[in-house]
């Protein structure tokens, strides 16, 4: 079958040629949807496709290129710059080269353009000379200039479902011109389902693994290439995650991890922790996030949670991976199952706001240390009452400046250990009052 081998990867060859061949993303390319209407009517305005790898961003750009009568150009932001943009603009404005004075410009990985390069595009997108199609795996609201974003329709592509991946796989197996239809294959159906699941919504990974399996497997006695689950496992090696610890997915996953601990769901917390560990996240970074959550969201409702989190961070530093994953799981579960209170967080937030925006006065004289005799003569420390000289080690006296006297920053909840603190503190405050 050597003559059947194509130079281009299967994923490139099987790129859909029309919206009808396109699999998935029905929320934006389904019949009647905005992008569907724009492509069918050849009325494309500037758009940015945003989503994980292998979900069809470049394929949509190719479909637009095939369906538009407007001049089409393509750039990759990694290898292109302002000079390329200027060349395209000059050619667009040349009536001999471009009669309608407009170019649809596809920029792959547009987030890799720096601010100056993105700024160079702006006036031509604004006046309609350039109809921009940007593709990015990064959140465009963070990585693309606001001016370009505001002049573009943002389409968010989602990881493809297993059904969509299966459709793409079958298209490749059946296609005799671009796909693997000329090969005499014996593929177990379970292997296809396994491949559709393990590629985690990335069609490119699925097709590349499928092609590798076909091209590296021997022909058996029945003159067929047999593909089963073990073969697919070897060709994928490791389940792909749509996760980049330096990208937007990093923040999404960490956000979900923290919110799961805060929401008292240990199963979800361990799941998002596992995703982060599997994708190579720094274990000490994860330990720091657990420490913050232990203080911000558990706080005084279970003071032991912070101690556990800090001990875990120290243990992670000492032990290292892979055993550190157990310690991180221990700490995350501890935080997740603890009663919750954000009273410490709310207290310092309110106090800082007062310090920044109010006249809060000076430290009361009786609370100041009289380090020298001269300071004592000025009244430093005068009238201070030492708490341990009084019953219960509590003494009635003012600790806040006169300007904010009576302000209560710490407002304990009724949760966990903090309920006991609340009862004690109410008696103490009433005594002071």
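The values are calculated or read from the model by the stated rules, or taken from the named source; none is laboratory data. Keep in mind that this is a model prediction, so the values were computed, not measured. Here Cβ is always computed from backbone atoms with ideal geometry, including for glycine, and neighbour counts include all displayed protein chains.
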- Item | Of the criteria (1) farther than 18 Å from residue 9 by Cβ; (2) in contact with a helix residue (DSSP H, G or I) (Cβ under 9 Å, 6 or more places away or on another chain); (3) surrounded by fewer than 21 Cβ atoms within 10 Å (Cβ to Cβ), which one residue 173 fails | (1)
- Message: Restricting to region 28-50, name every residue that is more than 21 Å from residue 110 (Cα to Cα) and touching a residue at least 40 places away in the same chain (Cβ under 8 Å).
- Response: 34
- Within region 379-395, the count of residues that are modelled with pLDDT under 85 and part of a loop (DSSP other than H, G, I, E, B) comes to 2
- Restricting the search to region 199-239, which residues are closer than 20 Å to residue 157 by Cβ and outside any loop (DSSP other than H, G, I, E, B)? 203, 204, 205, 206, 207, 208
- Query: Only one of (1) within 32 Å of the chain's Cα centre (by Cα); (2) more than 30 Å from residue 276 (Cα to Cα); (3) free of Cβ contacts under 8 Å to residues at least 12 places away in the same chain fails for residue 319. Which number is that?
  - Reply: (2)
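With 100, 67 as the choices, which residue is within 30 Å of residue 210 (Cβ to Cβ) and touching a residue at least 12 places away in the same chain (Cβ under 8 Å)?
67
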- Item | Selection count, region 317-338, where residues are closer than 18 Å to residue 253 by Cβ and crowded, with 22+ Cβ neighbours inside 10 Å | 5
- Task: Check whether at least one residue in region 185-198 is part of a loop (DSSP other than H, G, I, E, B) and surrounded by fewer than 20 Cβ atoms within 10 Å (Cβ to Cβ), and report yes or no.
- Result: yes
- Query: Do you know which residues across region 144-170 are within 12 Å of residue 46 (Cβ to Cβ) and either in a strand (DSSP E or B) or touching a strand residue (DSSP E or B) at 6+ places or on another chain (Cβ under 6 Å) (or both)?
  - Reply: 152, 153, 154, 155
- Being farther than 30 Å from residue 409 by Cβ and part of a loop (DSSP other than H, G, I, E, B) is the filter; apply it to region 318-360 and report the residue that is modelled with the highest pLDDT. 323
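Only strands (runs of 3 or more DSSP E) wholly contained in region 21-130 count here; list those with 3 or more residues that are crowded, with 21+ Cβ neighbours inside 10 Å and on the phi > 0 side of the Ramachandran plot.
Qualifying strands (runs of 3 or more DSSP E): none found.
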- Task: Check residue 141 against each of (1) in contact (Cβ under 8 Å) with a residue 24 or more places away in the chain; (2) part of a helix (DSSP H, G or I) and name the one condition it does not meet.
- Result: (1)
- Item | Selected residue (criterion: surrounded by the fewest Cβ atoms within 10 Å (Cβ to Cβ)) from residues of region 212-228 that are touching a helix residue (DSSP H, G or I) at 6+ places or on another chain (Cβ under 7 Å) and more than 11 Å from residue 183 (Cα to Cα) | 228
- Query: Hey, residue 400 hits all of (1) assigned to a loop (DSSP other than H, G, I, E, B); (2) in contact with a helix residue (DSSP H, G or I) (Cβ under 9 Å, 6 or more places away or on another chain) but one; which does it fall short on?
  - Reply: (2)
- Message: For region 344-358, give me each residue that is touching a residue at least 24 places away in the same chain (Cβ under 8 Å) and either assigned by TED's automatic domain parsing to the domain that holds residue 409 or out of contact with any helix residue (DSSP H, G or I) (no Cβ under 6 Å at 6 or more places or on another chain) (or both).
- Response: 346, 347, 348, 350, 351, 354, 358
- Task: Identify the single condition in (1) at pLDDT below 90; (2) surrounded by 14 or more Cβ atoms within 10 Å (Cβ to Cβ) that residue 135 does not satisfy, given that it satisfies every other one.
- Result: (1)
- Can you work out which of the residues in region 259-299 that are assigned to a helix (DSSP H, G or I) and within 13 Å of the chain's Cα centre (by Cα) is nearest to residue 413 (Cα to Cα)? 272
